[in-house]
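One structure is given below, encoded as structure tokens.
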Amino acid sequence: MVGKIFITRQGYDPQLGKHVKDPYLGDSPSLGACRPDIRKALKEGDHIFTISGRVPQANQYIMGGFEIDQKIDADIAYARFPEQRLQQRQDGQLTGNIIIDQTGKQHSLDDHNGFDRRIKNYIVGKNLIALSEPAEIAIGREQTLEALQDILHRQGDSPFAVVGRFGTKLTEEQVIELRKWLRSIKGTVN
């Protein structure tokens, strides 16, 4: 078991910024179209953790993480997870991380390049631990930088400085420590 931690795009923060559509950290956690490098490299039993994007008014935080249960093709994901099909929300933002349409072609709302590369290795997760309640998020914002420094044994003045542009590979021990840290926050609030 290994893992990967990465930062979402600037401005993507589920509480104070744009809606985070990929990864999906809900009932059936998944990583669908983003980070094909991570989806290709990791295997079942490995873990993925995500840090919110930078927003001007608040610290970034580790939004959550999950274990990889399966890697499937986008057409299978389309049939199994209709709620994760790409669509536009009422506020105009996109949601959903399955970027194919009913014919298997690139969805008209998806304007990224590399479609063929981005539909492989749709990751279905399990054992999600996510900071979703306002009190949990507040603690996460307060503690994330120090937790990253301690767990990754790296210094930096921001999550980006610690994790880097492309994210950081995690050892089994680091995966266990991150999950323990996230559980401790959830245990403090509940």
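The values are calculated or read from the model by the stated rules, or taken from the named source; none is laboratory data. All values reported here derive from a predicted model rather than from experimental measurement. Note: ideal-geometry Cβ built from the backbone for every residue, glycine included; neighbour counts use all protein chains shown.
Among residues belonging to the range 56-98 that are assigned to a strand (DSSP E or B) and of a type in the set (S, T, N, Q), point out the one that is nearest to Pro134 (Cα to Cα). Here the answer is Thr95. Considering (1) out of contact with any helix residue (DSSP H, G or I) (no Cβ under 8 Å at 6 or more places or on another chain); (2) more than 18 Å from His19 (Cβ to Cβ); (3) not small (Gly, Ala, Ser); (4) not in a strand (DSSP E or B), the lone condition that Lys126 does not fulfil carries the number (4).
Restricting the first member to the range 162-190 and to residues that are within 19 Å of Ile139 (Cβ to Cβ), and the second to residues that are hydroxyl-bearing (Ser, Thr, Tyr) and in a strand (DSSP E or B), the beta-carbon pairs closer than 8 Å and six or more apart or on different chains are Val162/Thr168.
A quick yes/no check of all residues on (1) touching a residue at least 40 places away in the same chain (Cβ under 8 Å); (2) within 15 Å of the chain's Cα centre (by Cα); (3) closer than 20 Å to Gly3 by Cα:
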{"site": "Ala58", "(1), (2), (3)": "yes, no, no"}
{"site": "Gly65", "(1), (2), (3)": "yes, yes, yes"}
{"site": "Asn97", "(1), (2), (3)": "yes, yes, no"}
{"site": "Asp101", "(1), (2), (3)": "no, no, no"}
{"site": "Tyr122", "(1), (2), (3)": "yes, yes, yes"}
{"site": "Leu128", "(1), (2), (3)": "yes, yes, yes"}
{"site": "Leu145", "(1), (2), (3)": "yes, no, yes"}
{"site": "Pro159", "(1), (2), (3)": "yes, yes, yes"}
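Within the range 2-27, count every residue that is more than 9 Å from the chain's Cα centre (by Cα) and either within 18 Å of Leu131 (Cβ to Cβ) or surrounded by 23 or more Cβ atoms within 10 Å (Cβ to Cβ) (or both).
So the answer is 12.
Residues to consider are Gln93, Gln87, Gln57, Gln70; find the one that is surrounded by fewer than 16 Cβ atoms within 10 Å (Cβ to Cβ) and either among the aliphatic types (A, V, I, L, M) or out of contact with any strand residue (DSSP E or B) (no Cβ under 9 Å at 6 or more places or on another chain) (or both).
Gln57 is the lone residue from the list that is surrounded by fewer than 16 Cβ atoms within 10 Å (Cβ to Cβ) and either among the aliphatic types (A, V, I, L, M) or out of contact with any strand residue (DSSP E or B) (no Cβ under 9 Å at 6 or more places or on another chain) (or both).
Scan the range 1-48 for residues that are outside any strand (DSSP E or B), β-branched (Val, Ile, Thr) and out of contact with any Asp or Glu (no Cβ under 6 Å at 6 or more places or on another chain) and jot them down.
Answer for the range 1-48, where residues must be outside any strand (DSSP E or B), β-branched (Val, Ile, Thr) and out of contact with any Asp or Glu (no Cβ under 6 Å at 6 or more places or on another chain): Thr8, Val20, Ile38.
To keep it simple, each residue is scored yes or no on (1) charged (D, E, K, R); (2) over 23 Å from Gly17 (Cβ atoms); (3) out of contact with any helix residue (DSSP H, G or I) (no Cβ under 8 Å at 6 or more places or on another chain); (4) at pLDDT 95 or above.
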site	(1), (2), (3), (4)
Ala77	no, yes, no, yes
Asp110	yes, no, yes, no
Asp116	yes, yes, yes, no
Ile119	no, yes, no, no
Glu136	yes, no, no, yes
Phe160	no, no, yes, yes
Glu173	yes, yes, yes, yes
Arg179	yes, yes, yes, yes
Arg183	yes, yes, yes, yes
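Only one of the numbered conditions (1) part of a helix (DSSP H, G or I); (2) under 21 Å from Ile68 (Cα atoms) is violated by Ile139, and that is (2).
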